[in-house]
Amino acid sequence: MTTLNKALGISLLCFAANLAAAAPIATVNGTVIDQTVLDKAVSQIVNANGGRVQDSPALREDVRQRLINRELVLQAANKAGLDKNPEFISRLDEARNDLLQQAFFEAASKNRPVSDADVKAEYDRYASQFKDAKEVQVRQIILADEAAANKAIATLKKGAKFDQMAKAQSLDTASKERGGDLGWGNLAAMEPPLADALKAIGKGQISAKPLQSQMGWHIFKVEDIRNAQPVPFDSIKARIAQDLQEKAVRDAVLELRQKANIQ
């Protein structure tokens, strides 16, 4: 037997084995549900639950019964002509368009791969913001008007507790329960008015005057100051890669818009 004939023989045996493995798990009014459908459904459930759900005979029987129920419902829906319903057809077209759009995004990602060098270059750009920069640990109180803010500053200078005043008076619902604590922030990455206001405050000190924003009038306390440090590369390289890949897809859509005749 030639090498080619042997290879063909092996392929036919494998094909026959695959057919056997794809044996029906149920036949519903003459429609066969084969093993591969069950295997795929079980795999999706296991993967979607992050390993918390394990492949087991009980799970497989539960999924088998669901597949039988689905087939019964599909048969009944088709028999009733629901697939010809205009609303159904419209929803089906919309679902197709969504899937087709997703397919375009996936193809654009494959055609515009993000390299390790791209990720490292983006990280270096991010890390450059920390050169000679300072980080501050800040608390804030936001009040509705300048007069109230100035009165609060005067009260704080007389010894009132900043965190207690934040909890009692601040309009910032996100931080007031933490006593106005905003955590650490890189001065180089902040908007200039905010960065300038915080640079003027020493460690352990509060604002000399309030800063106005769309949210109201801000009073700050700088709890601590330190040299800024970027997040380690290994901790964020996956996120950078994802951001760059999403940007590549956005760029692909932008190119379509630039070439299109949109009126």
Of (1) open to solvent by 60 Å² or more (accessible area, probe 1.4 Å); (2) in a helix (DSSP H, G or I), Tyr123 fails just (1)
Contact list, first residue from the range 49-63 and of a type in the set (D, E, K, R), second anywhere and exposed (fewer than 12 other Cβ atoms within 10 Å of the Cβ), beta-carbon distance below 9 Å, six or more apart or interchain, is Asp55/Ser43
Considering each residue of the range 224-234, count those that are open to solvent by 60 Å² or more (accessible area, probe 1.4 Å) and in a strand (DSSP E or B), and give that number.
3
Per the filter on the range 166-185, residues open to solvent by 20 Å² or more (accessible area, probe 1.4 Å) and either out of contact with any helix residue (DSSP H, G or I) (no Cβ under 6 Å at 6 or more places or on another chain) or aliphatic (A, V, I, L, M) (or both) are Ala168, Gln169, Leu171, Thr173, Ala174, Glu177, Arg178, Asp181, Leu182, Gly183, Trp184
Write out, first by first residue and then by second, each pair whose Cβ atoms fall under 6 Å of each other, whose residues are 6+ apart or on separate chains, and whose first residue, in the range 196-223, is over 23 Å from Ala133 (Cα atoms) and part of a loop (DSSP other than H, G, I, E, B) while the second is of a type outside the set (S, T, N, Q) and open to solvent by 30 Å² or more (accessible area, probe 1.4 Å).
Pro210/Trp217
Yes/no for Ala41 being loosely packed, with under 11 Cβ neighbours inside 10 Å and of a type in the set (A, V, I, L, M):
no
What is the one condition in (1) basic (Lys, Arg); (2) over 24 Å from the mean Cα position of the chain (by Cα); (3) under 30 Å from Ala108 (Cα atoms) that Arg250 does not satisfy?
(2)
Here the qualifying pairs (Cβ atoms under 9 Å; residues six or more apart or on different chains; first in the range 82-103 and open to solvent by 90 Å² or more (accessible area, probe 1.4 Å) and aliphatic (A, V, I, L, M); second at pLDDT below 95 and not in a helix (DSSP H, G or I)) come out as none
Among Val42, Val73, Val32, Val119, which is farther than 30 Å from Ala238 by Cα, out of contact with any strand residue (DSSP E or B) (no Cβ under 6 Å at 6 or more places or on another chain) and hydrophobic (A, V, I, L, M, F, W, C)?
Val73
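The values are calculated or read from the model by the stated rules, or taken from the named source; none is laboratory data. As the structure is a computational prediction, the values presented were derived from the model and not from experiment. Cβ: placed from backbone, ideal geometry, glycine included. Neighbour counts: every protein chain shown. Only protein heavy atoms, including side chains, enter the accessible area calculation; ligands, DNA and RNA are left aside. Shrake-Rupley method; radii C 1.70, N 1.55, O 1.52, S 1.80 Å.
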